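Here's the structure we're looking at; comments come further down.
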Amino acid sequence: QVQLVESGGGLVQAGGSLTLSCVASGSIVSINAMGWYRQAPGKQRELVATISSGDPSTGYADSVKGRFTISRDIAKNTVYLQMNSLKTEDTAVYHCNAVIGTRRTWPSTNDYWGQGTQVTVSS
């Protein structure tokens, strides 16, 4: 079994900052890419940022480039999202995603999702 648990969401004023964390736990053999997605009310889930394993490369949605930074601590099975200069349009539920190989499935991998953490940016 694998669990992804996000934390760090909350209410912040526009221009403020938040840092989200996501910890993966369970019978994990390997974690490949990890990422953050968000879903605002009435909208589809969208990719925010991704980070690969190994020599990590990162990718960002155009809407967050220069404001958000994704990073990971491989030893802790944790991915972070530092969010600066937050805007009201960043309000959404933020979900963590990870591509994980478990003791049962490795070397095959599956996608896992966290339950999400609410980020609300007020004007």
Seminar exercise, completed: Reported to the nearest 10 Å², ASP73 has, with a 1.4 Å probe, an accessible area equal to 50
For this session: Report, ordered by chain and residue number, the aspartates and glutamates lying within cross-link reach of LYS76, taken as a straight Cα distance under 14 Å and ignoring same-chain residues fewer than 8 apart.
Result: GLU6
Problem set entry | Computed accessible area, LEU11, all protein chains, 1.4 angstrom probe, square angstrom | 130
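Any chance you could run the full-extension gain for ALA61 through ASP73? It's 0.36 nm times the residue separation minus the Cα-Cα distance, nm to one decimal.
Gain on extension, ALA61 to ASP73, equals 2.2 nm.
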For this session: Run down the lysines and flag those whose C-alpha is under 23 Å from the C-alpha of LYS43, throwing out any fewer than 8 positions away in its chain.
Result: LYS65, LYS87
Problem set entry | Accessible solvent surface per residue of the stretch 24-71, calculated while the other protein chains remain in place, 1.4 angstrom probe, Å² | 53
Problem set entry | Once the Cα gyration tensor of the stretch 7-75 is diagonalised, semi-axes √(5λ) in Å | 23, 15, 13
Exercise. How big is the accessible area of TYR80 in square angstrom, nearest 10, if you roll a 1.4 angstrom probe over the protein chains?
Worked result: 60
Problem set entry | Inter-part distance where the stretch 29-71 and the stretch 87-123 are each reduced to a Cα centre, Å | 9
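Tally Lys/Arg at +1 and Asp/Glu at -1 over every other residue whose Cβ is under 13 Å from the Cβ of GLU89; what's the total?
Values: positive: ARG38, LYS43, ARG67, LYS87; negative: GLU46, ASP62, ASP90.
Combined, the nearby Lys, Arg, Asp and Glu give +1.
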Exercise. If you roll a 1.4 Å probe over the chain with all protein chains in place, what percent of the accessible area is carbon or sulfur?
Worked result: 47
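The values are calculated or read from the model by the stated rules, or taken from the named source; none is laboratory data. Only a predicted model underlies this, so the values are computations on that prediction, with no experimental measurement involved. Positions of Cβ are backbone-derived with ideal geometry, glycine not excepted, and every protein chain shown enters the neighbour counts. Note: accessible area is taken over every heavy atom of the protein model, side chains too, but ligands, DNA and RNA are not part of it. Shrake-Rupley method; radii C 1.70, N 1.55, O 1.52, S 1.80 Å.
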